[in-house]
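The values are calculated or read from the model by the stated rules, or taken from the named source; none is laboratory data. No experiment lies behind these values; they were computed from the predicted model shown. Methodologically, a virtual Cβ is constructed for each residue, glycine included, from the backbone with ideal geometry; neighbour enumeration extends over all protein chains shown. Ligands, DNA and RNA are excluded from the accessible area calculation, which covers all protein heavy atoms including side chains. Shrake-Rupley method; radii C 1.70, N 1.55, O 1.52, S 1.80 Å.
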Amino acid sequence: MVQYLKRGATAETRATNDRQVRDAVEGILADIETRGDAAVRDLSIKFDKWDRDSYRLTTDEIQGCMDQLSGQDLKDIEFAQIQVRNFAQIQRDSMKDVEVETLPGVVLGHKNIPLNAAGCYVPGGKYPLLASAHMSVITAKVAGVPRVVTCAPPFQGKPAPAIVAAQAMAGADEIYCLGGIQAVAAMGLGTQSIASVDILVGPGNAFVAEAKRQLFGRVGIDLFAGPTETLVIADEVGADGELCATDLLGQAEHGPDSPAILLTTSEKLARETLAEIDRILAILPTADYARKAWEAYGEVIVVEDDAEMVRVADEIASEHVQVMTRDPDYFLKNMTNYGALFLGARTNVAYGDKVIGTNHTLPTRKAARYTGGLWVGKFLKTCTFQRVLTDEASAMIGEYCSRLCALEGFIGHGEQANVRVRRHGGRNVPYGGRAEPREAVAAE
């Protein structure tokens, strides 16, 4: 039995919010497609109060941002980027090109080909989220993408030094100080000053996520990565109220529309967590954001046992799932819908967000039902090829193809096969006909 001690916003409220976002984004994208740079500038001034002749940062500006950071800051960024690069390289090494002779004289294969250009959005309006630069730029570069463009909004009226440093250290080829829908649209559609890209990646607020969704088809996107979500799965053996509350609010501080859910088999733990949330909100410097998110989208759910926790968790399909139970591996073995799992109380979502090495751009809004997070494979196209080495192989495949095309009524397709059967197999197949099996012809 599922018991809710606290519920979040209703489905109707969320649907209304979605419609408002969708309509706003549609109008803005149409304006940018029509007016290009002029529309981007107007929007940057309107939303970020940010204007300059070119939004692309110069080499001197990039170095100036890096010079504002301490040596320790740069070492810490470097450490995180090494972890991300190492894991991305492991992923890349797992993807092999293949070429195999599947039948005598018939060779099939595939190649993993990097995209030519990637656009990476790095959120930074409320917080300078430099980690998003590691996750997108490094992953694209490990995949072999030759042109990687990054956009991040101004922070407190200027480029955020930490974001710019992370973008540069990760290997970005073009760095723009530009935020929101206008940044995503500029990269996806292209303008007079910004060449378009082949794929848009990176997390963002609801407007950024919707802009990516509406641009999908014109360009590729990584996944639906909207406002951060977290699900804490816990019992009294694996966690206490302070840990649960800390991990919930640690993600709720992203913004007022970030869902944070506790799922537990212990009503006692649930009530302790609610009390701890009240205590922490009274002292948390980012409580203005976290409180709004918790009040609007926070939930506390009590269920009977671990099996029911798995069922409910798979229905929620959360972006982040923190598991603090007596047997975390039970959830690794049995859960199917999640962006990333954080197993045991020694780890947490912040580790994954910032430094441990796995990618933090993850599916939201139940997209974990059909996709995982950003990884090297998102920047690669797995493209097949085929080669027929002998006349005999071409004639043999051609006979099957001829008959199958006839079943479908594709005469032109069938003739592609028939002409090769005639040339390589010595068979007198009439134009527009079908290559009957050799044994049937022999019997006649």
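Residue check: Leu263 meets all listed conditions (1) outside any strand (DSSP E or B); (2) open to solvent by less than 20 Å² (accessible area, probe 1.4 Å); (3) modelled with pLDDT of 95 or more but one, namely (1).
The residue of the stretch 357-372 that is surrounded by the fewest Cβ atoms within 10 Å (Cβ to Cβ), among those that are over 13 Å from Ser132 (Cα atoms) and within 11 Å of the chain's Cα centre (by Cα), is Thr371.
Output the number of residues of the stretch 97-142 satisfying the condition of being part of a helix (DSSP H, G or I) and open to solvent by 10 Å² or more (accessible area, probe 1.4 Å). Outline the logic, then answer.
We begin by selecting, within the stretch 97-142, every residue part of a helix (DSSP H, G or I); these are 131-142.
Next, from what is left, pick out any that are open to solvent by 10 Å² or more (accessible area, probe 1.4 Å): 141-142.
Selection size over the stretch 97-142: 2.
Residue under question is Ala245, and the condition is that it be crowded, with 24+ Cβ neighbours inside 10 Å, at pLDDT 95 or above, in a helix (DSSP H, G or I) and small (Gly, Ala, Ser); does it hold?
Working: crowded, with 24+ Cβ neighbours inside 10 Å: yes; at pLDDT 95 or above: yes; in a helix (DSSP H, G or I): yes; small (Gly, Ala, Ser): yes.
Criteria met by Ala245.
Scanning for something over 26 Å from Leu263 (Cβ atoms), open to solvent by 40 Å² or more (accessible area, probe 1.4 Å) and in contact with a helix residue (DSSP H, G or I) (Cβ under 9 Å, 6 or more places away or on another chain), does the stretch 330-344 turn up at least one residue? No, that holds for no residue.
Taken over the stretch 183-223, residues that are over 17 Å from Leu115 (Cβ atoms) and of a type in the set (Gly, Ala, Ser) amount to 8.
What do you reckon, is Val164 among the aliphatic types (A, V, I, L, M), outside any loop (DSSP other than H, G, I, E, B), under 16 Å from Leu29 (Cα atoms) and touching a residue at least 24 places away in the same chain (Cβ under 8 Å)? Against the criterion (among the aliphatic types (A, V, I, L, M), outside any loop (DSSP other than H, G, I, E, B), under 16 Å from Leu29 (Cα atoms) and touching a residue at least 24 places away in the same chain (Cβ under 8 Å)), Val164 does not qualify. Would you say Thr364 is β-branched (Val, Ile, Thr) and at pLDDT below 95? Spelling it out, Thr364 is indeed β-branched (Val, Ile, Thr) and at pLDDT below 95.
Would it be correct to say that Leu74 is modelled with pLDDT of 95 or more, part of a loop (DSSP other than H, G, I, E, B) and within 22 Å of Ile356 (Cβ to Cβ)? Reasoning before the result, please.
Working: modelled with pLDDT of 95 or more: yes; part of a loop (DSSP other than H, G, I, E, B): no; within 22 Å of Ile356 (Cβ to Cβ): yes.
So Leu74 fails the test.
Which of the following residues is open to solvent by less than 40 Å² (accessible area, probe 1.4 Å) and at pLDDT 95 or above: Val237, Val219? Just one listed residue meets the conditions, Val219. Just one of (1) under 20 Å from the mean Cα position of the chain (by Cα); (2) in contact (Cβ under 8 Å) with a residue 12 or more places away in the chain fails for Arg213. It is (2).
Checking each residue in the stretch 12-64 for being under 12 Å from Cys177 (Cα atoms), in a helix (DSSP H, G or I) and not β-branched (Val, Ile, Thr) picks out Arg41, Ser44, Asp48, Glu61. Scanning the stretch 273-294 for residues that are of a type outside the set (Lys, Arg), open to solvent by 70 Å² or more (accessible area, probe 1.4 Å) and touching a Gly at 6+ places or on another chain (Cβ under 9 Å) returns a single hit, Tyr289. Evaluated against (1) surrounded by 11 or more Cβ atoms within 10 Å (Cβ to Cβ); (2) closer than 18 Å to Glu174 by Cα, Asp60 falls short on exactly one condition, (1).
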